[in-house]
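Working notes, beginning with the structure itself.
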Amino acid sequence: QVQLVESGGGLVQPGGSLRLSCAASGFSFSWYTMNWYRQASGKERELVAQIDNYNSTKYGDAVKGRFTISRDNDKFTVYLQMNSLKPEDTAVYYCNTDRGTRRFWGQGTQVTVSS
């Protein structure tokens with residue numbers, strides 16, 4: 001079955017960087033689009049970044065120019081490099097992939113940007 005496991009979150013000062021990882025298993029990873037979402041306290045979950053099976057990428061407006069999504073198909077892993085972090089980036093970050101109407105999520109990793 002599809003499993004997604006995020007790692008790499010933590011506490012970072014404003015202006016700092018973090019790299020999140022999502023290890024995938026249970027499906028043909030290289031065939032599918034992978035997404036990073038985030039959910040801040042009291043807010044709806046929002047799409048942060050997306051990478052398809054051709055390595056085409058899309059980003060949410062709030063993170064364009066600061067975050068970079070990438071994938072390593074040999075390692076079944078998708079990454080989110082986050083630079084120039086701001087307090088408003090504080091959220092739980094989730095890895096996601098979809099199969100038609102079925103949505104698969106990891107457990108999430110907390111990112112806190114604070115001085």
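The values are calculated or read from the model by the stated rules, or taken from the named source; none is laboratory data. Bear in mind that the values here come from a model prediction, so they are computed numbers and not experimental data. As a convention, Cβ positions derive from the backbone with ideal geometry for all residues, glycine included, and neighbour counts pool all protein chains shown. The area values use the complete protein model at the heavy-atom level, side chains included, leaving out ligands, DNA and RNA. Shrake-Rupley method; radii C 1.70, N 1.55, O 1.52, S 1.80 Å.
Points to keep in mind about this one:
- Just one of the listed residues (S17, S56, S41) is modelled with pLDDT of 95 or more, among the hydroxyl-bearing types (S, T, Y) and closer than 13 Å to Y93 by Cα, namely S41.
- Looking only at the stretch 21-40, and only at residues there that are among the aromatic types (F, W, Y) and either in a helix (DSSP H, G or I) or over 18 Å from T101 (Cα atoms) (or both), the one that is nearest to the chain's Cα centre (by Cα): F29
- Which numbered condition L11 misses (of (1) open to solvent by less than 60 Å² (accessible area, probe 1.4 Å); (2) in contact (Cβ under 8 Å) with a residue 24 or more places away in the chain; (3) over 15 Å from the mean Cα position of the chain (by Cα)): (1)
- Hits in the stretch 96-111 - residues which are charged (D, E, K, R) and either in contact (Cβ under 8 Å) with a residue 24 or more places away in the chain or touching a His at 6+ places or on another chain (Cβ under 8 Å) (or both): D98, R99
- On the stretch given as the stretch 70-84, residues that are touching a strand residue (DSSP E or B) at 6+ places or on another chain (Cβ under 6 Å) and either within 17 Å of F27 (Cβ to Cβ) or surrounded by fewer than 22 Cβ atoms within 10 Å (Cβ to Cβ) (or both) total 7.
- Selection count where residues are assigned to a strand (DSSP E or B), of a type outside the set (F, W, Y) and in contact (Cβ under 8 Å) with a residue 12 or more places away in the chain, scope the stretch 51-84: 11
- Look at (1) assigned to a strand (DSSP E or B); (2) open to solvent by less than 40 Å² (accessible area, probe 1.4 Å) and you find that G16 fails only one, number (1).
- Residue satisfying all of: in the stretch 41-67; surrounded by 14 or more Cβ atoms within 10 Å (Cβ to Cβ) and farther than 16 Å from N96 by Cα; farthest from the chain's Cα centre (by Cα) among these: R66
- Applying the condition of being open to solvent by 30 Å² or more (accessible area, probe 1.4 Å) and in a loop (DSSP other than H, G, I, E, B) to the stretch 85-106 and asking which residue is farthest from S30 (Cα to Cα) yields K86.
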